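For reference, the structure discussed in these notes is given below.
The values are calculated or read from the model by the stated rules, or taken from the named source; none is laboratory data. Small disclaimer: the values here were computed from a predicted structure and weren't measured. All Cβ positions, even for glycine, are placed from backbone atoms using ideal geometry, and neighbour counts span all protein chains on display.
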Amino acid sequence: MMVEGRYLKSAFAPVFRILEEMPLELGEDGVRGVGMDSAHVAAARLELPPGFFEEFRPPEEEVEIGVDGEYLARICNRIRVTDEVELSSDGEELVLVVRREGYERVFRVRGIEVGESADLPELEYEAEVTLVPDFLADAVRDVEGVSDTVELVAREGELMLRAEGEHSEVRPVVREGSEALITSVEVEDGEVKALYSVDYLKDMVRAAQGAESVTLRFGEELPLELEFRVGPAGEGTVKFYLAPRVEE
């Protein structure tokens, strides 16, 4: 399986900064995985179909391998966006061959024992917003210096992130029609608000690099679902789930 570095980084790097471990399946359908962090605050689902890859040759038999998230995150830091990455596994090791202008490096990640894949429920959300990933990444950077909690506010045609600190407040806002930054907003009952951890969001929005779009789904006291479409034409999917912060 061959893929450009920018797309593998956007899929792998944020997932493995959050998850300590994850079972990966490699087969005819591409690469898939579902996992949850040890604190049970965040989870991720990875689906990279054959169209995500420049060249795709599935293993003769489907392979499942448990991987160390911390080690894979370090490998992703060593991959440049313009590198070519070949991905394979025999079930014992996950092998990444990174090529750059005649320079080749081989990383071998030994398989580890991991728990069963996380069971993520299907939820009915009160708000769904699709927008350009770069805006979301910029907005999270705006709020992270103000507070460790961010409030998402969806109204008809508008998404706002709001963070309040002891001495400051910031409110990045994007509206439908504003330079095509936002594609659609669906909101129940006029306005939907929810609180989430900025620290987790900082890692999740790393998927914006190499992503075609991002969709946020949330509701009061419901987990946040972030769905990034990644790959040359958005063929792959990286989904994150983040537990809400509940005000006491």
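Among the residues making up the range 182-227, those that are closer than 11 Å to TYR7 by Cβ and surrounded by 23 or more Cβ atoms within 10 Å (Cβ to Cβ) are ALA207, GLY210, ALA211.
One residue alone among GLU220, GLU176 is more than 15 Å from VAL150 (Cβ to Cβ) and either of a type in the set (Ser, Thr, Tyr) or out of contact with any helix residue (DSSP H, G or I) (no Cβ under 7 Å at 6 or more places or on another chain) (or both), and that residue is GLU176.
Taking the range 144-165 as the range and being crowded, with 16+ Cβ neighbours inside 10 Å, over 19 Å from the mean Cα position of the chain (by Cα) and closer than 17 Å to ILE182 by Cβ as the test, the residues that pass are VAL153, ALA154, ARG155, GLU158, LEU159, MET160, ARG162. Only one entry in PHE16, PHE52 is buried (at least 19 other Cβ atoms within 10 Å of the Cβ), touching a Leu at 6+ places or on another chain (Cβ under 6 Å) and in contact (Cβ under 8 Å) with a residue 12 or more places away in the chain, namely PHE16. Taken together, GLU186, GLU235, GLU144 contain a single residue that is outside the structural domain of VAL41 (by TED's automatic domain parsing) and out of contact with any helix residue (DSSP H, G or I) (no Cβ under 8 Å at 6 or more places or on another chain), which is GLU186. For the structure I just gave you, tell me whether GLU101 is within 22 Å of SER213 (Cβ to Cβ), of a type in the set (D, E, K, R) and not assigned by TED's automatic domain parsing to the domain that holds VAL173. Judged against the criteria, GLU101 is not a match.
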